[in-house]
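Here the structure is laid out as structure tokens; the discussion comes afterwards.
Nothing in this text is a laboratory measurement; each read-out follows from the coordinates by a stated rule. Just so it is clear, the structure is predicted and the values come from calculations on it, not from any experiment. In this analysis, Cβ positions are derived from the backbone assuming ideal geometry, glycine residues included, and neighbour counts consider all displayed protein chains.
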Amino acid sequence: MSRSNKVNQVILIILDDVRAEHLFNLMKEGRLPNIAKIAEDGIKCFNCVTSYPAITFPCYGNIVTGAYSGYFPKEGSGIPMYHWVNRMDPPSTSKKFPFIRNYGDRKYVLKVNKDIGKNVKTIFEQPPEGNMLSSTCFLYRGAYFVLAENFFDVEPIFKNISDVFQNPGNYYANKEVPLITVGYVPHTDEIMHKKGFDHQDYINLIIECDKYLGFLMNTLKKTGYYDSTAIGIISDHGNFKAKKLFDLEPFFQKKGLKPYVPEKGIGDFDCNFGSVGFFNFPGDTWHHHPSIQQMQKFKPNGVGKHELNLIDTLWEIPGVKYMYYREDNNKPEKGIIHIEYREKSSEKRMNGMIEYQGFGKEQKTRFTFDGDDFYKYSEIEKSARILDNKFHTIDEWLEATNQINFPMIVDQIPRYFKNPRSCDIIVSTLGDYYFNYEHGKTVGDSPYSHDNGLRESMIVPFIIGGSLEIPSKELSYCKTTDMVPTLLDLLGIKPNTSVIGKSILDAN
Ligand SMILES: [Zn+2]
């Protein structure tokens, strides 16, 4: 091949739900010797910013594509969230009502391959040629997909990759080893939700991943590929422990709000709510998003002629601090997202606004607010400077806000709301309250999650090493969508135009 490449193969390992702080601390303690070996002479960043909301989808899909949610009929990924209502722009004319997608249901998780749409490409679809391997990476479009047979065991995820490198002829007609491999470990997330980031079982599982990664590195050495392979390690989001749990079912019952039933097209709202709540309401029909006025004068079905102001109603949910919703008649290329904020329930609500213009890499956003700087960007000099009433790109927001809570959120909120599958109102308690509420039911009692915009959820590890061709450097910040273009750059391949991240090989 006539490429100006530094390496001949890349292997990306995505460990679900690992904070940068936790992974690097375990490395410092000498408990992850293999990951430490990869980081030692390679690229590392302790401060990599993931997508908002910090939930597996969009975050993990955005890593694999190097892109974000957006107006997917034209640009960006079709997946705004882990749960969404399938509304279209323009609204569908079909008699069927929009379905609810929930990737928590294992039957539907592989639908992500179609749901992301054609305007973004997975890392496997971006090179002009070469063998591609997905080891339990559910977003595998363009790759040979091997699923770990025993789903409760992380070893096969690494072992399957070893096997393909030892016997490529069993998988590919040209008998060549894969150019690009992605291995995805969902188990770390499952244990984190059940037991917590501070539980020994969670820590042991990360240590186990390191051990099996070591076995894979040995296979690469024995087969002679190690020196020409780049190994990337990243996570989709961090985590937190909520302060209070609360059952929301009675709240909605009291308000007369009935959950949406897509099969029948009835119901007043759809919602999933950890510490960040995503609320969908019908407009003219369930195919239409409501206008602000329709949400302010909402008539729940089942409670006579009684009118409900949904914005005020959602503020009655305990612990709510932030609210986001669209201005009417927003366009994909230009629009306004309203922000409301309150520190305590006794305090008056304050207002802010994000204006956006442009698509994809060209998207620029401006943040303005009345009264208090509720993201507290003015607390440090670097982020204070971006409160200049001007429009800024994603990389300008990243540069300015990577040291503080709510990193990059001003860029991320419009990318979410541009998607016709996004909800109508987001509310956030920042992890103060946690509801475990999904589509009409309270489904659990774990206080551990990762959806908020604080650093604990938003900052993940970013490591690339292995081959000595990889420059040794420590980055002061980067973003998760930089992983794919950087790995492609190491292979001498130009990323697809849909990629929003950029190669950090030349970054300081
Ligand atoms: Zn996740």
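Listed by chain and number, the aspartates and glutamates placed with their C-alpha closer than 13 angstrom to that of Lys95 are Glu263; residues fewer than eight positions away on the same chain are left out.
Sequence-distant or interchain residues sharing an amide H contact under 5 Å with Tyr448, placed H: which? For Tyr448, the qualifying residues are Ala242.
Sorting 497-504, 96-103, 369-376 by average packing, meaning the other beta carbons within 10 Å per residue, from highest down gives 497-504, 96-103, 369-376.
With the contact rule set at Cα under 8 Å and sequence spacing of 6 or more, what percent relative contact order holds for the range 244-449? Walk me through the intermediate numbers first.
On the way: 373 pairs, mean separation 57.2, N = 206.
Relative contact order of the range 244-449: 28 percent.
If you plug the beta carbon distance of Asp163 and Asn102 into 1/(1 + (r/R0)^6) with R0 = 35 Å, you get a FRET efficiency near 0.60.
Given the pairs Lys121/Lys364; Lys331/Lys364; Lys244/Lys321, which are separated by over 20 angstrom at their Cα positions?
On the way: Lys121/Lys364 22 Å; Lys331/Lys364 14 Å; Lys244/Lys321 14 Å.
Cα-Cα > 20 Å for Lys121/Lys364; rest within.
Entry note, the range 224-287: relative contact order of 16 percent, from Cα contacts under 8 Å with a spacing of 6+ residues. In the chain, helices alone account for a calculated mean residue ellipticity at 222 nm of -7000 deg cm²/dmol, with every DSSP H run of four or more residues adding -39,500 (n - 2.57).
Across all directions, the average flat footprint of the convex hull enclosing the Cα atoms of the range 140-221 is 6.0 nm².
Checking every one of the GluC sites (Glu not before Pro) in the range 1-58 against DSSP loop status and a limit of 14 other Cβ atoms within 10 Å picks out Glu29.
If you bin all the Cα-Cα distances of the range 244-449 at 5 Å, starting from zero, the percentages per bin are 1, 7, 14, 18, 19, 17, 12, 7, 3, 1, 0.
Could I get the Rg over Rh figure for the chain? Both from C-alpha atoms, Rh via Kirkwood, rounded to two places. Could you put the intermediate results ahead of the total?
Values: Rg = 22.5 Å, Rh = 23.3 Å.
Taking Rg over the Kirkwood Rh, I get 0.97.
Summarising the amide proton neighbourhood of Leu454: residues at separation of 5 or more, or on other chains, whose placed amide H is nearer than 5 Å comprise Phe406.
What GluC sites (Glu not before Pro) does the range 431-492 have in DSSP loop regions with at most 15 other beta carbons within 10 Å? Within the range 431-492, the qualifying GluC sites (Glu not before Pro) (loop, at most 15 other Cβ atoms within 10 Å) are Glu469.
Full extension from Glu362 to Ile266: what is 0.36 nm times the residue separation minus their Cα-Cα distance, to one decimal in nm? Working shown, then result.
Numbers: separation 96, 0.36 × 96 = 34.56 nm, distance 3.94 nm.
Stretched fully, the Glu362-Ile266 segment lengthens by 30.6 nm.
Taking the DSSP bridge list for the chain and keeping only pairs wholly inside it, about 65 percent are antiparallel.
How fast does the range 368-457 diffuse by Stokes-Einstein, in µm²/s, taking the Kirkwood radius from C-alpha pairs at 10 °C and 1.306 mPa s? Provide the component values of the computation, followed by the final result.
Values: Rh = 15.2 Å.
Estimated diffusion coefficient is 105 µm²/s.
Note on Trp315 and Asp445: the extension gain reaches 44.5 nm, defined as 0.36 nm multiplied by sequence separation minus the Cα-Cα distance. A straight line joining the Cα centroids of the range 238-256 and the range 426-451 runs 6 Å. Summing charges over neighbours of Ile504, with a neighbour being any other residue whose Cβ is under 14 Å away from its Cβ, gives -1 when K and R count +1 and D and E count -1.
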